[in-house]
Amino acid sequence: MQRAAAGSVMGSYNRLNGTYACQHPGILGVLKETWGWSGFVAPDFRHAVREPVEAANAGLDLPGLGDPEGRTSEDFTSGRIPAARLDDMVRRILNAIFAVGLFDHPVPEERPALASTAEHVALATRIAVEGTVLLVNRDGLLPLDTGPVRSIAVIGTAGDDAQWVMAGSPCVRTFPERRVTPLQGITARAGDGVRVRFAQGSFGDAALPVVPTEVLTPSGGDGTGLLGQYWNGPTPAGEPQLTVVDPTVDLSRAPNGVTGDLWSARWTGTITPRVDGPHRFTVLPSGIVRLAIDGAVVAAGEREFGQEFGGPALPVSGTAQLRAGQPASIQLDYSSATAWVVPELGLGGNVRLGWQPPDTEIQDAAQLAADSDVAVVFVNQALGEGMDRRTLALPGDQDALISAVAAANSRTVVVINTSGPVLMPWLDQVGAVVHVWHPGQQFGQAIAAVLFGDADPGGRLPLTFPATPEQGPIARPEQYPGVGGDARYDEGIYVGYRWYDEHGQQPLFPFGYGLSYGDFRYGQPRLYLDDSTATATISVEVTNVGDRPASDVAQLYVTAPDAAGEPPRQLRGFAKLRLAAGATTTVTFPLTIDDLAAFHEVSGRWTVHEGQYDVVVGRSSRDVRGTATLEVSAGALNWH
């Protein structure tokens with residue numbers, strides 16, 4: 001915090017051990033008093049502050065964002081908040097304003113011009129490239145060589161439906177006329193000598209077309225549509241306020257006759273498909289939904305908002321096996337209890353039921369792959385605020401798409417466009433896997449540069465990819481998503497990769513992992529000590545022994561003696577390298593006595609234990625390239 005010169009910290013909605021974060025004197029006290037941080041604390045948007053006075057006295061400096069949320073001027077003038085605390089709040093906020101120059105250079109009221117110069121575009125492209133992680137590259141499939149590669153099949157979410165950003169506050173709004181889709185980027189880079197063809201294959205994690213009224217029959221009646229019942233209140237209890245036959249489910253707000261922001265609804269009837277097979281369903285909600293077909297739950301979940309506000313749509317989805325001409329019962333329950341209601345933005349009370357009957361999309365994509373030298377499959381998962389992932393599996397039919405394409409062409413490249421790890425049941429079938437996270441509006445140029453080798457994939461994994469849902473520290477329901485509104489954090493200090501190391505679990509891809517188009521050789525780490533300042537420097541020579549310029553990330557981990565009770569290995573430094581073919585550089589890592597300290601809850605102190613510390617240099621948490629040892633003795637005051 002101090003070294004980063006952070007001016008502010010945001011408090012979350014969550015409770016810790018029963019106390020809301022923005023009202024938690026323990027958390028805020030550690031931040032300000034124990035760490036001596038001088039910035040100000042602001043809450044997340046609406047609902048983060050439940051008791052304004054209690055929050056202010058606990059250490060929150062900005063009483064709230066958005067609506068007043070129960071705050072009154074009397075809260076700050078009645079003496080319930082001491083004058084010293086009010087002065088401290090103002091001082092911290094003003095210090096941050098002065099520190100960043102806002103007092104002398106306030107934000108102009110007029111919106112600045114769009115950042116769209118050639119330099120801006122090049123920067124956006126480079127950032128996307130530098131964040132791209134190459135996970136698998138069998139037999140040197142990548143980079144693609146336009147000599148032997150004369151035809152490329154581009155499949156999946158590579159067109160206008162590709163996911164660029166997350167939804168909500170993390171969103172960086174993009175402009176359609178400025179976006180470069182992966183299909184456009186690959187086509188442009190391939191040139192006239194390479195035939196690039198596209199097949200949809202899967203619509204990915206997107207809201208599907210609305211279920212047509214002609215396949216629906218309302219409960220207890222004739223005609224088409226579904227019987228819709230509406231209640232004023234969060235649950236469908238008692239007599240409904242309104243009962244109508246809706247042609248389908250596609251609402252942007254509560255219907256006339258239902259008052260207030262808090263309402264619920266139930267649609268019932270039958271659905272009669274026209275073809276046999278698996279039918280995909282999506283529900284795009286702002287609120288809580290549960291879709292059941294023939295009594296089986298097909299899709300269930302909740303969202304703050306589901307409409308496309310500043311990012312992708314955020315549907316809840318599932319699949320049901322249906323038979324042509326055979327009616328199946330359908331029931332969709334809805335509650336606006338979790339909806340983010342902002343009428344001026346068109347948010348609140350949205351719910352839309354969509355479907356995709358069986359078609360030939362996957363078969364057509366597999367055939368195109370079979371007729372091409374290389375297939376590039378794009379898959380995605382939408383994510384935003386006010387929602388949680390219920391599974392690590394790719395949504396919808398995307399796993400089936402990848403398997404079918406890989407069976408048709410082993411030279412298949414999978415491009416994963418998600419915010420985190422996914423399960424990969426098809427991993428052994430494909431030739432290459434690239435993870436791009438959320439690359440923004442220059443997605444197309446960035447992925448083309450990586451696929452064709454104009455740029456080296458510069459990213460490394462900032463987290464661990466589990467091999468199965470049972471791996472990792474949050475594999476039980478009481479840990480995630482929680483039981484009765486409470487989630488248990490039982491992993492203690494074994495967070496992330498530390499858990500895998502402590503429990504001997506082999507992940508799919510470890511923390512810090514990522515491949516390069518280069519080939520790097522690491523020398524033996526050397527340790528230089530300065531007893532007078534209790535500091536050490538670890539140096540290692542790194543050589544690019546490949547035949548092209550490339551990048552790598554050297555990583556420093558430390559293993560403490562058993563008495564410290566620390567995880568088996570912990571990251572203590574990293575350095576990104578860019579080396580020409582055959583070039584060598586020396587990487588240095590500083591290490592201080594504080595980097596070896598372990599915190600003990602009982603004493604509340606940081607302690608450096610005597611004994612041997614292993615200093616490990618590697619390319620990931622599991623890829624060790626060299627180890628040095630360090631002895632700490634005499635009360636941790638001297639290094640030997």
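The values are calculated or read from the model by the stated rules, or taken from the named source; none is laboratory data. The model shown is predicted, which means the values in this text are computed figures rather than measured ones. Ideal geometry is used to build each Cβ from the backbone, glycine not excepted, and the neighbour counts take in all protein chains shown. In case anyone asks, the SASA skips ligands and DNA or RNA and just uses the protein heavy atoms, side chains included. Shrake-Rupley method; radii C 1.70, N 1.55, O 1.52, S 1.80 Å.
Summary table below
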| item | result |
| --- | --- |
| Sequence of Arg179, Arg138 when ordered by accessible area, the most exposed leading, probe 1.4 angstrom | Arg138, Arg179 |
| Fully extended contour minus Cα-Cα distance, from Asp261 to Gln2, at 0.36 nm per residue | 88.9 nm |
| List Ile97, Ile447, Ile474, Ile362, ordered by accessible area with a 1.4 Å probe, largest first | Ile474, Ile97, Ile362, Ile447 |
| Principal axis dimensions, largest first and in whole angstrom, of segment 351-423 by Cα | 43, 28, 14 |
| Summed side-chain charge close to Asn409 - residues other than Asn409 whose Cβ falls under 10 Å, Lys, Arg +1, Asp, Glu -1 | -1 |
| Dipole axis of segment 397-538 (+1 Lys, Arg; -1 Asp, Glu on Cβ), positive-most option in Gly514, Pro425, Tyr500 | Gly514 |
| Debye-sum result for segment 412-456 in log10 I(q)/I(0), which assumes one identical scatterer on each alpha carbon, at q = 0.21, 0.23, 0.25, 0.30 Å⁻¹ | -0.77, -0.89, -0.99, -1.16 |
| Computed lengthening from Ala580 to Asp139, 0.36 nm per intervening residue step minus Cα-Cα distance | 156.5 nm |
| Within segment 231-303: Cβ-based charge dipole about Cα centre, in debye rounded to nearest 20 (Lys, Arg +1; Asp, Glu -1) | 140 |
| Accessible surface of the chain, 1.4 Å probe, proportion on carbon and sulfur as whole % | 52 |
| Cα-derived Rg to Rh of segment 560-640, Kirkwood definition | 1.04 |
| Packing-based order for 575-588, 616-629, using average beta carbon neighbours within 10 Å, highest first | 616-629, 575-588 |
| Probe 1.4 Å - accessible area at Phe452, Å² to nearest ten | 10 |
| Listed residues Thr125, Thr217 arranged by accessible area, highest first, probe 1.4 Å | Thr217, Thr125 |
| Over 21 Å [Cα-Cα, segment 41-112], rounded percent | 36 |
| Average Cα contact separation per residue, the chain, under 8 Å, 6 or more apart, as relative contact order % | 12 |
| Cut-off 12 Å between beta-carbons: net charge of the residues surrounding Asp88, Lys and Arg +1, Asp and Glu -1 | +1 |
| Cβ-Cβ FRET estimate between Thr535 and Ala83, R0 fixed at 51 Å, reported to 0.05 | 0.70 |
| Identified option (computed mean projected area of the Cα convex hull in nm²; candidates (i) 30.0; (ii) 34.1; (iii) 27.4) | (ii) |
| Probe 1.4 Å, accessible area per residue of the chain, Å² | 47 |
| Isotropic mean projected area of the C-alpha convex hull, segment 490-639 (nm²) | 9.6 |
| Full-stretch length increase - Arg15, Val495 - with 0.36 nm per residue and alpha-carbon distance subtracted | 170.9 nm |
| Compactness relative to 2.2 N^0.38 Å, alpha carbon Rg of segment 497-566 | 1.47 |
| Unit charges at the beta carbon, dipole of the chain: most positive-side option, Thr319, Gln555, Gly582 | Gly582 |
| Alpha-carbon Rg with Dmax, taken over segment 42-164, Å | 25.6, 78 |
| Solvent-accessible surface (1.4 angstrom probe) belonging to Asp371, in square angstrom, nearest 10 | 90 |
| Order by protection proxy (mean Cβ within 10 Å, highest first), peptides 391-400, 603-612 | 391-400, 603-612 |
| The chain, dipole about Cα centre (Lys/Arg Cβ +1, Asp/Glu Cβ -1), debye to the nearest 20 | 620 |
| Residue-level accessible surface for Asp88, protein heavy atoms, 1.4 Å, Å² | 40 |
